[in-house]
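The values are calculated or read from the model by the stated rules, or taken from the named source; none is laboratory data. Treat the numbers as computed from the prediction; the structure is a model and nothing was measured. Note: ideal-geometry Cβ built from the backbone for every residue, glycine included; neighbour counts use all protein chains shown. For the accessible areas, the whole protein counts, side chains as well, though only heavy atoms, and no ligand, DNA or RNA atoms are used. Shrake-Rupley method; radii C 1.70, N 1.55, O 1.52, S 1.80 Å.
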Amino acid sequence: MRESGLVKIVIVVAACLFTCGGMVVHAAEWDVDVQSACTLLPSHDALRSALVAAQMQTNGGFGLNMWGTVVNRDGIVCAVAFTGSARGDQWPGSRVISAQKANTANAFSLPALALSTANLFTATQPGGSLFGLQASNPVNTKVAYGGDPRQNGQADDPMVGGKIGGVNVFGGGLALYNAKGELVGGLGVSGDSSCADHNIAWRTRHNLKLDYVPAGVSGDNTRPDNIVYVITTQPGFMIGVSASGWGHATCSSAATALSKTLPVIP
């Protein structure tokens, strides 16, 4: 009898764990009114238009097609777009990376201080003050990889309306500030070198007129959250040392030069 009772208890506990686990998952989901949640941010068509215009310029990279994602202040994906004719014209893996970058720039910027993903590069390296940040906010894989891939990059991309999460610490992610100076979300761009990604993201944000950045750590008040190339090689350090703590690795001399000529903030 005891063994029979024990078996019943185990079955009940297992069933509860299975059911409760499902309940927890569903409790973490909610219906999002995307139009309301994203009212301060660009539509899919507006994002794509701005992204295409930025990608067509010389950006110091390989001239590849790009993915772009916009999230609101809560990290909810509002729009996903690409520059090519079809979703396979740009690196498939860059779709989620662009969403990570958008989430990161939004998540680690404040109304009075913007941090681009490029600004986080040095601090998140081994021994840096923010080492481990990359693992702090995991990607929501259900949002990232769910749905019909044929919709990827369209107005009804499966990520839209979901909270993506994720942290990315190289160039291509920027916080979005409207003309009132309000922090309204983040933009992420991916598909080329990380330095070119930053240049394209910067120009995309400028095209969207969401670059009213209040302050940053770049040392340039006209481009407060710009990428900065201040890493110097030192013995014993694989990537070198950034005196300011906000430096990004170089990709090409062209990308470095172009970063200094990007549009200034309004």
* Could you check, for region 184-191, whether at least one of its residues is open to solvent by 10 Å² or more (accessible area, probe 1.4 Å), over 20 Å from VAL264 (Cα atoms) and in contact with a Lys or Arg (Cβ under 7 Å, 6 or more places away or on another chain)? => no
* Evaluate the following for THR122: is it in contact with a helix residue (DSSP H, G or I) (Cβ under 6 Å, 6 or more places away or on another chain) and either more than 26 Å from SER36 (Cα to Cα) or of a type in the set (S, T, N, Q) (or both)? => no
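In the list ALA135, ALA81, which residue meets the criterion of being under 30 Å from THR222 (Cβ atoms) and among the small types (Gly, Ala, Ser)?
Values: ALA135 fails: under 30 Å from THR222 (Cβ atoms).
Only one candidate passes the filter, namely ALA81.
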* Asked: Looking at region 149-195, which of its residues are part of a loop (DSSP other than H, G, I, E, B) and among the hydroxyl-bearing types (Ser, Thr, Tyr)?
  -> SER193
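Quick grid of which residues meet (1) small (Gly, Ala, Ser); (2) in contact with a Leu (Cβ under 6 Å, 6 or more places away or on another chain):
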{"site": "LEU47", "(1), (2)": "no, no"}
{"site": "VAL52", "(1), (2)": "no, no"}
{"site": "TRP67", "(1), (2)": "no, no"}
{"site": "ALA86", "(1), (2)": "yes, no"}
{"site": "ASP89", "(1), (2)": "no, no"}
{"site": "LYS101", "(1), (2)": "no, no"}
{"site": "SER109", "(1), (2)": "yes, yes"}
* Structure fact -> Residues in region 51-95 that are assigned to a helix (DSSP H, G or I), closer than 23 Å to GLU182 by Cα and open to solvent by 10 Å² or more (accessible area, probe 1.4 Å) total 0
* Pick from region 232-249 the residues that are open to solvent by less than 40 Å² (accessible area, probe 1.4 Å) and more than 21 Å from SER94 (Cβ to Cβ): which of them is modelled with the highest pLDDT? -> GLY247
* To do: Go through region 139-166 residue by residue and tally those that are open to solvent by 40 Å² or more (accessible area, probe 1.4 Å), within 18 Å of SER190 (Cβ to Cβ) and not β-branched (Val, Ile, Thr).
  => 4
* Asked: Hey, GLY127 hits all of (1) over 13 Å from THR104 (Cβ atoms); (2) open to solvent by 10 Å² or more (accessible area, probe 1.4 Å); (3) in contact (Cβ under 8 Å) with a residue 12 or more places away in the chain but one; which does it fall short on?
  -> (3)
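Take region 102-117 and flag every residue that is touching a residue at least 60 places away in the same chain (Cβ under 8 Å), of a type outside the set (Ser, Thr, Tyr) and either farther than 17 Å from LEU51 by Cβ or outside any helix (DSSP H, G or I) (or both). Reasoning before the result, please.
Here is the first cut: in region 102-117, the residues touching a residue at least 60 places away in the same chain (Cβ under 8 Å) are 102-107, 109-117.
Filter again for of a type outside the set (Ser, Thr, Tyr), leaving 102-103, 105-107, 110-115.
Residues satisfying the conditions are ASN103, ASN106, ALA107, LEU110, PRO111, ALA112, LEU113, ALA114, LEU115.
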